[in-house]
Amino acid sequence: MEDTLIIQGGRPLHGVVSPSGAKNAAVALLPAALLCDEPCTVENLPDIRDVRVLARILEQMGASVDYHSGCMTLDPRCVTSREATYDLIRHMRASYYLLGAMLGKFGEAKIALPGGCEIGQRPIDQHLKGMEALGAEVEVSHGFVSAKAPQGRLVGGEVYLDVVSVGATANVMMAAVRAQGRTTIVNAAKEPHIVDLANFLNAMGANVKGAGTDVIRVRGVERLHGCTYTVIPDQIETGTLMIAAAATRGDVTIENMIPAHMESISAKLEEMGVIVEEGESSIRVTDSGKPFSQTNIKTMPYPGFPTDLQQPISALLCVAQGSSMVEENIFEDRFKHLGQLQRMGAQYRVSGRVAMIDGVKSLSGSRVVATDLRAGACLVIAGLMAQGTTEITGLRHIDRGYDHLEEKLRSLGADIQRVQK
């Protein structure tokens, strides 16, 4: 038996909805809580598989975890293990954040190489380079990364990232907060969840400055104290809901979010002829009544267009007039969803990291498979806008990063059901 989403397409979405807490922030904040010397509480966590897996990993390491209703209280004082094993790590990519947190707290760590979505190589060489710059001895063998600070504690230094890497920026930042002296991270990622992680660390007593710019400075401290912290709204879920509203020619207001985080997606939707109105903490997406115009997408580090929304917006490009170009600059294998869209009538061609999508009049319902997290979101949007019935399998990927997505869409009028087949 496998869970399947069944969508009857063609219904415009209408109403008001709020995104959950940010998945990409949550999976960094929870490992960062290991750095604390007291219990801390993280609120507004999304109810997703990645958070539940992280809770199990932390419990397996000895932490006391109380998790319910989007709120987790974590007491790291009983953590004895310095190792995160493959049996749980294999389910999620972001488990590599345990490396920086454990190395910063204990001066040593052994982490199984992580799993997650198959969207191309995501090397951790920048992570390891950063740890070595802080004095760690690092070895990769037999599927594990082992790192140790020879003197029992890392030493601050300058870390220059050869490429902008969200994961490496977060990992080095966590490792540095309890290192001796000062650390400078140059060419740092600027994503909202990097800022959120810095704010969380500072709430525990860390000294992190410059998050949101390309230079982050960390002054190491001896200890961190407990705190209560609320995760920011999910930028990618917000963008997914915006695209779904546009694709179905609906009228949706997304509340309790941060409009400034959405500027790149708002701009592209407006280029396509969609009406986007920003409020202080809301965005309204409405149909202009005009055909969608083609546009070109080039994924870039924040504040550029996010790679995690490249796949969802591809569904909308399939019915835009003319040909749209999508250039994927973050991951080299993030076009698998296009083969599934082709089953629904989409027309495209791929050359390396560039896809050309030729607009068609409409998509038609079909049986399709979600091959990764954001590909799943793309297929949901395609199903909502298609003529007829769409059946989507591979829901374990969607559940990794979206908090009850079908329930939120149903509240907006979508005909979407999860069944076992």
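Some observations on this one:
- Solvent-accessible ranking of 293, 411, largest area first, probe 1.4 Å: 411, 293
- Total charge dipole magnitude, the chain, about the Cα centre, Cβ charges on Lys, Arg, Asp, Glu only, Debye to nearest 20: 500
- Difference of contour (0.36 nm per residue) and Cα-Cα distance, residue 163 to residue 3: 53.7 nm
- Size of charge dipole - region 203-323 - debye, nearest 20, with Cβ of Lys, Arg +1 and Asp, Glu -1, no other charges: 420
- Across region 206-264, Cα pairs under 8 Å and at least six residues apart give a relative contact order of 25 percent.
- For region 210-306: relative contact order, % (alpha-carbon pairs under 8 angstrom, 6 or more apart): 23
- Per residue value of the accessible surface for region 262-360 (all protein chains in place, 1.4 Å probe), Å²: 42
- The calculated FRET efficiency for the pair residue 270 and residue 38, based on their C-beta separation and a Förster distance of 51 Å, comes to about 0.65.
- With R₀ set to 60 Å, the beta-carbon distance separating residue 141 from residue 290 gives a calculated FRET efficiency near 0.55.
- Accessible area ranking (1.4 Å probe, heavy atoms, ligands and nucleic acids excluded), largest first, for 290, 361, 105, 23: 361, 290, 105, 23.
- With all protein chains modelled, accessible area of residue 37 [1.4 Å, Å²]: 40
- Rounded percent of accessible protein surface that carbon and sulfur make up, the chain, 1.4 Å probe: 46
- Net charge in the neighbourhood of residue 220 (other residues with Cβ under 9 Å of its Cβ; Lys, Arg +1, Asp, Glu -1) is +3.
- In region 176-292, one over the average inverse separation of all distinct C-alpha pairs is 16.3 Å, which is the Kirkwood hydrodynamic radius.
- Helix 49-60 axis, angle to the chain major axis (alpha carbon atoms, nearest 10°): 20
- About the Cα centre, charge dipole magnitude for region 1-115 (Lys/Arg +1, Asp/Glu -1 at Cβ), debye: 320
- For the chain: rounded, prolate or oblate by the Cα gyration tensor [a/c cutoff 1.5]: prolate
- Cα-based shape type of region 243-324, given that a ≥ b ≥ c are square roots of the gyration tensor eigenvalues and the cut on a/c is 1.5: oblate
- Heavy-atom accessible surface of region 1-115, averaged per residue, reaches 35 Å², computed with a 1.4 Å probe.
- For region 1-41, the residues whose amide N sits under 14 Å from a probe point set 7 Å from the Cα of residue 52 along the beta carbon direction are 3.
The values are calculated or read from the model by the stated rules, or taken from the named source; none is laboratory data. The shown structure was predicted, so the numbers you read here are calculated from the model rather than taken from an experiment. In this analysis, Cβ positions are derived from the backbone assuming ideal geometry, glycine residues included, and neighbour counts consider all displayed protein chains. Protein only, heavy atoms only, side chains kept; ligands, DNA and RNA dropped before computing areas. Shrake-Rupley method; radii C 1.70, N 1.55, O 1.52, S 1.80 Å.
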